[in-house]
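*Asks:* Okay, handing you the structure first.
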Amino acid sequence: MQASAPLTLDLVRDAATANQPYVLRTPVHAWRGPELDHRVGPDTDVILKLELFQYTGTFKARGAITAMRALSAEALARGITAVSAGNHAIAAAYAAQRLGASAKVVMLGGANPARIARCQAFGAEILIRPTGAEAFALAEEIAEAEGRAFIHPFEGPAVATGTATLGLEFSEQAGPLDAVIVPIGGGGLCAGVSWAFKQLQPGCKVYGVEPVGADSMTRSFTAGEPVTAAPVTTIADSLGPPYSLPYSYALCRENVDKIVLVDDDQIVDAMAVLFREMKLAVEPAGAAATAALFGPLRDELRGKRVGVIVCGANIDVETFAGQIARGNALANRQ
């Protein structure tokens, strides 16, 4: 399957320039430390892309801003709607506020209260529905009845263009890499980042990582087409869309060299290492790429120069503390 409406470097560079007032150029950091050396060997260079420092706490602002900038003045005046368990809702609310639009966002019943509060802080009206299917149905009703633009969490050219700006930025900041590890939820982040790296550094291998309990892209690669239903049982809830969609799937299929899986224990272990050694308080999704480096990719990438995307940090203190305690306990048993 070929991705329609192909991206171009000129398009992505233009988007990066246009997004500058609304999106941070997040830093990179060359990680060194005894815990890292113990996990991957002192001859492995690890470059972290610290996207958790983005305005909304995750990379999601890039796609939301890019999508909303493409709307006409009339469309912006009618406002936007979106569906999310948390991070995309925050990003859509933020983008709407910055661009002068109203936001009516449907969130899932299991959404973290801290994420709901942050979304509300950006001025969005929040509606809650218990399941993803009901949430999408309500957003469709809102879009139809009120003329609001629907801003998709991970699918389509605007999202991929936005996330490709992250890939462009990371490639420029890090210089030549042997590999880059990218978390996969719905695939919007990996679609843009993998495309950008294959354009700018064709020899760089791109590894996607999914939780064992949310492996829709792995299932899609196996099936040769996007799967429409996969179970979600993971603490990494922001990597948990139960399906893949054609545009993001096609870009991932074309540009990702390999997808690996990590379980929740590996994720909390990586969270704890990032906290102890890097002093980073990340959500589970934000530690997925590090978990892949420590686990299924450790031997394959030993001695390489590896880029790791730390994609987000929207988590409440109580949940974070519990997960770090779990990660520390696992480390003490090793």
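*Asks:* For the stretch 230-324, list the helices (runs of 4 or more DSSP H) that sit wholly inside it and hold at least 2 residues that are within 23 Å of Ala85 (Cβ to Cβ) and in contact with an Asp or Glu (Cβ under 6 Å, 6 or more places away or on another chain); which are they?
*Replies:* It comes to 246-255.
*Asks:* Of all residues being among the basic types (Lys, Arg) and part of a helix (DSSP H, G or I) in the stretch 1-59, which is nearest to the chain's Cα centre (by Cα)? Just the residue, please.
*Replies:* So the residue we want is Arg13.
*Asks:* Here's something else I'd like to know. From (1) within 22 Å of the chain's Cα centre (by Cα); (2) surrounded by fewer than 21 Cβ atoms within 10 Å (Cβ to Cβ); (3) assigned by TED's automatic domain parsing to the domain that holds Ala30, pick out the condition that doesn't hold for Pro176.
*Replies:* Evaluating Pro176 over (1) within 22 Å of the chain's Cα centre (by Cα); (2) surrounded by fewer than 21 Cβ atoms within 10 Å (Cβ to Cβ); (3) assigned by TED's automatic domain parsing to the domain that holds Ala30 leaves (1) as the failure.
*Asks:* I'm checking my understanding of the structure. Among residues of the stretch 165-217 that are among the β-branched types (Val, Ile, Thr) and outside any strand (DSSP E or B), which one is nearest to Lys258 (Cα to Cα)?
*Replies:* Among those residues, the one meeting the criterion is Ile184.
*Asks:* Of all residues in the stretch 77-97, how many are in contact with a helix residue (DSSP H, G or I) (Cβ under 9 Å, 6 or more places away or on another chain) and surrounded by fewer than 18 Cβ atoms within 10 Å (Cβ to Cβ)? Steps first, please.
*Replies:* Quick first cut of the stretch 77-97, residues in contact with a helix residue (DSSP H, G or I) (Cβ under 9 Å, 6 or more places away or on another chain) only: 78-96.
Cutting the leftovers down to surrounded by fewer than 18 Cβ atoms within 10 Å (Cβ to Cβ) gives us 78.
Residues meeting the conditions: 1.
The rows are residues; the columns are (1) free of Cβ contacts under 8 Å to residues at least 24 places away in the same chain; (2) surrounded by fewer than 24 Cβ atoms within 10 Å (Cβ to Cβ); (3) closer than 20 Å to Ala250 by Cβ; (4) assigned by TED's automatic domain parsing to the domain that holds Val256.
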| site | (1), (2), (3), (4) |
| --- | --- |
| Val193 | no, no, yes, yes |
| Phe197 | no, no, yes, yes |
| Pro202 | yes, yes, yes, yes |
| Val206 | no, no, yes, yes |
| Val209 | no, no, yes, yes |
| Val212 | no, yes, no, yes |
| Thr218 | no, yes, yes, yes |
| Glu225 | no, yes, yes, yes |
| Pro231 | yes, yes, no, yes |
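*Asks:* Separate question: Among Phe122, Phe154, Phe150, which is the only one that is under 18 Å from Ala61 (Cα atoms), touching a Leu at 6+ places or on another chain (Cβ under 9 Å) and either without any contact (Cβ under 8 Å) to a residue 60 or more places away in the chain or among the aromatic types (Phe, Trp, Tyr) (or both)?
*Replies:* Testing whether each residue is under 18 Å from Ala61 (Cα atoms), touching a Leu at 6+ places or on another chain (Cβ under 9 Å) and either without any contact (Cβ under 8 Å) to a residue 60 or more places away in the chain or among the aromatic types (Phe, Trp, Tyr) (or both) leaves just Phe154.
The values are calculated or read from the model by the stated rules, or taken from the named source; none is laboratory data. Note that this is a predicted model, so its numbers are computed, not measured. Because the Cβ atoms are built from the backbone with ideal geometry, glycine has one as well, and the counts that use them run over all protein chains shown.
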